[in-house]
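Visitor: Dropping the structure in here first, questions after.
The values are calculated or read from the model by the stated rules, or taken from the named source; none is laboratory data. From a predicted model like this one, the values you see are computed outputs, not experimental measurements. Virtual Cβ from ideal backbone geometry, glycine too; neighbours counted across all protein chains shown. Accessible surface is based on the protein model in full, side chains and every heavy atom, while ligands, DNA and RNA are left aside. Shrake-Rupley method; radii C 1.70, N 1.55, O 1.52, S 1.80 Å.
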Amino acid sequence: SPVSPDLCRLGAPSAGVVQRREVRHHADCVRMQLAEQLAVLDHLSQGRVWTVAGAGYRAVEFEMGGVPMKSRGALLEEHLRVMLEAWKGEAFEYDGRTVRVTPRPFTDPHPMVLVGGGVEVAARRAARLHLPMMPMNTEPRLQEWYRDEAEKVGYTGGFVTVPQGPTIVHVTHDPERT
């Protein structure tokens with residue numbers, strides 16, 4: 001069965017040696033401890049880490065985690081809200097208990113987090129969360145949907161990147177089985 005690596009452990013060595021380019025990684029499954037790991041990685045990279053948080057699309061990954069695939073958008077939004085709150089450095093209520101994530105990120109107010117996706121709901125989610133968007137495709141209406149939602153929620157600081165070239169690289173020993 002496929003296993004997702006700890007992306008922060010994989011990204012840390014790169015952040016230590018890359019001096020002039022931003023270091024990017026992709027996180028399909030965002031959880032509370034990721035806020036702390038990304039804050040540490042943000043320090044190690046001195047703010048060059050970009051995280052693209054996507055809701056996911058592979059049913060097998062949701063089945064492995066025992067998570068209903070239909071709840072993926074709401075879960076992503078919930079987890080991103082928790083991470084944004086955690087990066088403020090103050091104690092807050094999470095899952096029925098008071099928590100505080102340390103250290104505060106190197107980047108103020110938080111590490112660069114972009115919402116991934118390629119459909120209208122993803123663009124609107126990004127704007128609602130006051131986060132930029134990195135689409136997985138070149139759907140021209142994504143920017144329109146993002147701007148529309150941003151206007152509705154009074155957000156003026158966001159952007160939608162326009163991908164050029166492949167946006168996903170999948171490594172496998174057997175491409176036919178993937």
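Visitor: Name the single residue, out of those in the range 158-178 being assigned to a loop (DSSP other than H, G, I, E, B) and at pLDDT 90 or above, that is farthest from GLU139 (Cα to Cα).
Guide: First, pick out the residues of the range 158-178 that are assigned to a loop (DSSP other than H, G, I, E, B): 158-159, 161-174, 178.
Add one more test, that the residue is at pLDDT 90 or above, and what stays is 158-159, 161.
On the way: GLY158: 18, PHE159: 15, THR161: 11 Å.
Within the range 158-178, the match that is farthest from GLU139 (Cα to Cα) is GLY158.
Visitor: What's the total number of residues in the range 132-157 that are without any contact (Cβ under 8 Å) to a residue 60 or more places away in the chain and outside any helix (DSSP H, G or I)?
Guide: So the count comes out to 11.
Visitor: When you go through MET69, MET64, MET83 one by one, which is the residue that is under 24 Å from ARG48 (Cα atoms) and of a type in the set (A, V, I, L, M)?
Guide: MET83
Visitor: Just a yes or no: is a residue in the range 42-49 modelled with pLDDT of 90 or more, of a type in the set (A, V, I, L, M, F, W, C) and within 17 Å of ARG125 (Cβ to Cβ)? Give the steps one after another, and end with the answer.
Guide: Step one: of the range 42-49, the residues modelled with pLDDT of 90 or more are 42-48.
Still in the running and of a type in the set (A, V, I, L, M, F, W, C): 44.
Narrowing the set further to residues that are within 17 Å of ARG125 (Cβ to Cβ) leaves none.
Among the residues of the range 42-49, not one is modelled with pLDDT of 90 or more, of a type in the set (A, V, I, L, M, F, W, C) and within 17 Å of ARG125 (Cβ to Cβ), which makes the answer no.
Visitor: Tell me which of these VAL101 doesn't satisfy, since it passes every other one: (1) under 18 Å from the mean Cα position of the chain (by Cα); (2) at pLDDT 90 or above.
Guide: Among (1) under 18 Å from the mean Cα position of the chain (by Cα); (2) at pLDDT 90 or above, the lone unmet condition for VAL101 is (2).
Visitor: Can you pull out every residue in the range 118-128 that is open to solvent by 10 Å² or more (accessible area, probe 1.4 Å) and either within 22 Å of GLY154 (Cβ to Cβ) or among the basic types (Lys, Arg) (or both)?
Guide: We begin by selecting, within the range 118-128, every residue open to solvent by 10 Å² or more (accessible area, probe 1.4 Å); these are 118-121, 124-125, 128.
Answer for the range 118-128, where residues must be open to solvent by 10 Å² or more (accessible area, probe 1.4 Å) and either within 22 Å of GLY154 (Cβ to Cβ) or among the basic types (Lys, Arg) (or both): GLU120, VAL121, ARG124, ARG125, ARG128.
Visitor: Hey, another quick one. Filter the range 51-93 down to the residues that are over 19 Å from the mean Cα position of the chain (by Cα) and touching a residue at least 24 places away in the same chain (Cβ under 8 Å) and list them by number.
Guide: Selection gives VAL60, MET64.
Visitor: Can you go through ARG141, ARG100 and tell me which one is closer than 15 Å to GLU36 by Cβ, open to solvent by 40 Å² or more (accessible area, probe 1.4 Å) and among the charged types (D, E, K, R)? I'd like the intermediate steps shown before the answer.
Guide: On the way: ARG141 fails: closer than 15 Å to GLU36 by Cβ.
It is ARG100.
Visitor: Does the range 57-70 contain at least one residue that is open to solvent by less than 20 Å² (accessible area, probe 1.4 Å) and out of contact with any Phe, Trp or Tyr (no Cβ under 9 Å at 6 or more places or on another chain)? Spell out how you get there, then give the answer.
Guide: So the first thing to find is which residues in the range 57-70 are open to solvent by less than 20 Å² (accessible area, probe 1.4 Å), and the list is none.
Checked against the condition, which is being open to solvent by less than 20 Å² (accessible area, probe 1.4 Å) and out of contact with any Phe, Trp or Tyr (no Cβ under 9 Å at 6 or more places or on another chain), the range 57-70 yields no hits at all.
Visitor: Report, by residue number, each residue of the range 76-88 that is at pLDDT 90 or above and surrounded by 14 or more Cβ atoms within 10 Å (Cβ to Cβ).
Guide: Hits for the range 76-88 are LEU76, GLU77, LEU80, VAL82, MET83, LEU84, GLU85, ALA86, TRP87, LYS88.
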